[in-house]
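One structure below.
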Amino acid sequence: MPKLDTGKVQIYTGDGKGKTTAAIGLMFRASGYGLRTKMYQFIKKMHCSEHEAADRLGFEIIQAKAQDPREAVREILSNASRDLENDSLDLLILDEVGEALRRGYLSRSDIETLIELKSDTCELVLTGRGLIEPLGDLADLITEMKAVKHYFDQGLLARKGIEY
C-alpha cells in the first residue's frame with residue numbers, strides 16, 4: 001500500500017466558501033493514489049450530499065454520534081487520537097476545527113496533542129474560520145479562502161448540491 005514520504009499539517013481557513021470542499025478534493029486525490037483517508041466533522045450534524053458521495057466512493061466522513069456538542073467534540077478527538085496512534089491513516093481531515101475552538105469545545109493543546117500523535121507520513125488537515133491566529137504556527141501550509149463576491153449577499157441562500 002502506498003504511503004506519503006512526508007506528512008505535513010495543513011490549514012484551510014478564511015471567510016470564503018470552499019474550505020471543506022478543498023479538503024474533500026484532497027481526500028479524493030489521496031484516495032486515487034491508494035492512500036487511506038478519513039474526515040471527522042466537528043460541530044456539523046446535518047447529513048449533506050457529500051456524505052452520499054463519500055459512501056459511493058468509499059470515503060469515510062464521520063460525524064459524532066453524541067448530541068451534546070462538548071461530548072461530540074470529545075468523541076471525535078478520541079477517535080482521531082486512536083486513528084493517529086494506530087497509524088491507520090495517510091490523510092486525516094478535521095473539519096470545522098475553527099468553530100469548535102471558537103465555542104470553547106476544543107483547545108490549542110488538543111490540536112498540539114493530535115499533531116504529536118501523527119506519524120511522519122500522515123497528512124493532517126484542519127479546516128474552519130479563524131485558524132491563523134490560534135494555530136497558524138503549527139501548520140506547514142495555510143490556505144486562506146477569501147470571499148470576494150458571493151450570491152448570498154443578493155439574497156440567494158445555500159443551494160442543494162452546491163453548498164450542502
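The values are calculated or read from the model by the stated rules, or taken from the named source; none is laboratory data. Just so we're clear, the structure is a prediction, and the values are computed from it rather than from any experiment. Neighbour counts run over all protein chains shown; Cβ positions are idealised from the backbone, glycine included.
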Practice task
Quick one: Leu57 ticks every box in (1) hydrophobic (A, V, I, L, M, F, W, C); (2) under 17 Å from the mean Cα position of the chain (by Cα); (3) modelled with pLDDT under 95 except a single one, so which number is it?
Solution key: (2)
Completion exercise
With criteria (1) under 20 Å from Lys38 (Cβ atoms); (2) among the aliphatic types (A, V, I, L, M); (3) modelled with pLDDT of 95 or more; (4) touching a strand residue (DSSP E or B) at 6+ places or on another chain (Cβ under 7 Å), Leu117 comes up short on (4)
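With the requirement that a residue be outside any loop (DSSP other than H, G, I, E, B) and either loosely packed, with under 14 Cβ neighbours inside 10 Å or among the β-branched types (Val, Ile, Thr) (or both), what does segment 126-143 give you?
Just the residues of segment 126-143 that are outside any loop (DSSP other than H, G, I, E, B), to begin with: 126-127, 132-138, 141-143.
The answer is Thr127, Ile132, Glu133, Gly136, Asp137, Leu141, Ile142, Thr143.
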